[in-house]
Amino acid sequence: GSGSDSEGVHNGKEKDQMVKAALLWILLSVTAAVGYYIKPQTIIAYIAIAVYFAFDAGMGALRRRILFLGTGLLSLVLMLFLTKAALIPSIGIETDDERSFGMAHYFMMGLNDETDGVYSDEDTLYTDAFETPEEKRRADMELAGDRIKAYGPAGLIEHLKNKTLVNYNDGLFAWGIDGNFFGGRDYEDLGSVPDMSFTEWIWSFIRPDGADHGKYSSAQQTIWITVLLLGLIFACFALRDLFIKNTPSGGTTASCGSGMAYIVMLALAGLFVFELLFEAKARYLFIYIPYYLILSVYGTAYLSGGAKWER
């Protein structure tokens, strides 16, 4: 009868949606695994999506969410293994696991009070002096523990404050601190910059010693602080609406869908914790610039009152 036919069509569509969702999770896991070996922070976005998916009942029944998350996590683990075992060697990159530095090294270096958690040659030589990864890990964790004890509660809070300023108070994202890619003709191994009529003018802005570099850096800093403030404003009111259920939003927050906003906020919160725990540097935030821009757009919508927030 027509009832059974319609039920069959519904079941068919549901299966198609499940297959598509599973494939999307597999694709997401593949990109997260490859991205992890390029920049570890990229996996934070994957975790944010997984956390939102796991706790949002709107994403379907719990059984279905567990199925999709399981598929994604298995794909992630498999791809992490394949990327390291096959993909990286296939492009001519040789790795030495015995000399590799683990997370404990970057945790220890992030506690360096002399550098405010920024890269330290001394810490690198310290870790490299130990033979095996396990010896490195034990030595790094021991030194990290000593540094935490030396700080004390108040000192540690002060150190973390300084690290936060290192990470977030630089609209140039550590431009000029690492590498000399802007050096051009001053460095023979980097080739040369064509002697065009506007070359010197451009250099005056982008080179740290340029005559107009102050103008460029001030503009960048203003833009960056504005983006942060707009995103923070939105996050405060979105979290208010999340935890205080009866608080009216006034019809002034983002209309692009709460799912995207929560995922972005979760990812940026995870990034904040990551940079607080490990080595500090503003440029490590740069890959998440699209996320900061999305949140700042939501903040602009909130302030303008031109969109409605939907939990």
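Points worth noting:
- Residues located in the stretch 35-60, provided they are modelled with pLDDT of 85 or more and over 20 Å from residue 269 (Cα atoms): 37, 38
- Lone unmet requirement of (1) in contact with a Gly (Cβ under 9 Å, 6 or more places away or on another chain); (2) at pLDDT below 95; (3) surrounded by fewer than 14 Cβ atoms within 10 Å (Cβ to Cβ); (4) not aromatic (Phe, Trp, Tyr) for residue 204: (3)
- Of all the listed residues (287, 263), the sole one being in a helix (DSSP H, G or I), under 19 Å from residue 170 (Cβ atoms), modelled with pLDDT of 70 or more and within 18 Å of the chain's Cα centre (by Cα) is 287.
- Residue check for residue 156: under 12 Å from residue 105 (Cα atoms) and assigned to a helix (DSSP H, G or I): no
- If only residues of the stretch 55-110 that are free of Cβ contacts under 8 Å to residues at least 40 places away in the same chain and among the polar types (S, T, N, Q) are counted, the one that is nearest to residue 21 (Cα to Cα) is 90.
- Taking the conditions (1) in a loop (DSSP other than H, G, I, E, B); (2) surrounded by 14 or more Cβ atoms within 10 Å (Cβ to Cβ) in turn, residue 95 satisfies each one other than (2).
- The condition (being closer than 16 Å to residue 276 by Cα and not in a helix (DSSP H, G or I)) is satisfied by just one residue among 112, 167: 112.
- Qualifying residue in the stretch 121-131 (condition: exposed (fewer than 12 other Cβ atoms within 10 Å of the Cβ), in a loop (DSSP other than H, G, I, E, B) and charged (D, E, K, R)): yes
- All of (1) modelled with pLDDT under 95; (2) within 16 Å of residue 113 (Cα to Cα); (3) surrounded by fewer than 18 Cβ atoms within 10 Å (Cβ to Cβ) hold for residue 148 with one exception: (1).
- Within the stretch 115-156, the residues that satisfy the criterion of being farther than 15 Å from residue 276 by Cβ and touching a helix residue (DSSP H, G or I) at 6+ places or on another chain (Cβ under 6 Å) are 120, 123, 127, 130, 136, 137, 140, 141, 143.
- The residues of the stretch 266-283 that are in a helix (DSSP H, G or I) and farther than 12 Å from residue 47 by Cα, listed by number, are 272, 273, 274, 275, 276, 277, 282, 283.
- Identity of the residue in the stretch 111-133, free of Cβ contacts under 8 Å to residues at least 40 places away in the same chain and among the acidic types (Asp, Glu), that ends up farthest from residue 33 (Cα to Cα): 114
- Residue 39 surrounded by 14 or more Cβ atoms within 10 Å (Cβ to Cβ) and of a type in the set (Lys, Arg): no
- Considering the conditions (1) modelled with pLDDT of 85 or more; (2) more than 18 Å from the chain's Cα centre (by Cα); (3) within 25 Å of residue 101 (Cα to Cα); (4) of a type outside the set (Val, Ile, Thr), residue 32 is excluded by exactly one of them, (2).
- Filtered residues of the stretch 67-87 (kept if surrounded by 15 or more Cβ atoms within 10 Å (Cβ to Cβ) and either over 22 Å from the mean Cα position of the chain (by Cα) or over 18 Å from residue 35 (Cα atoms) (or both)): 67, 68, 69, 71
- Among the residues of the stretch 209-232, those that are surrounded by fewer than 13 Cβ atoms within 10 Å (Cβ to Cβ) and in a loop (DSSP other than H, G, I, E, B) comprise 209, 211.
The values are calculated or read from the model by the stated rules, or taken from the named source; none is laboratory data. From a predicted model like this one, the values you see are computed outputs, not experimental measurements. So basically every Cβ, Gly included, is an ideal-geometry build from the backbone, and we count neighbours across all protein chains shown.
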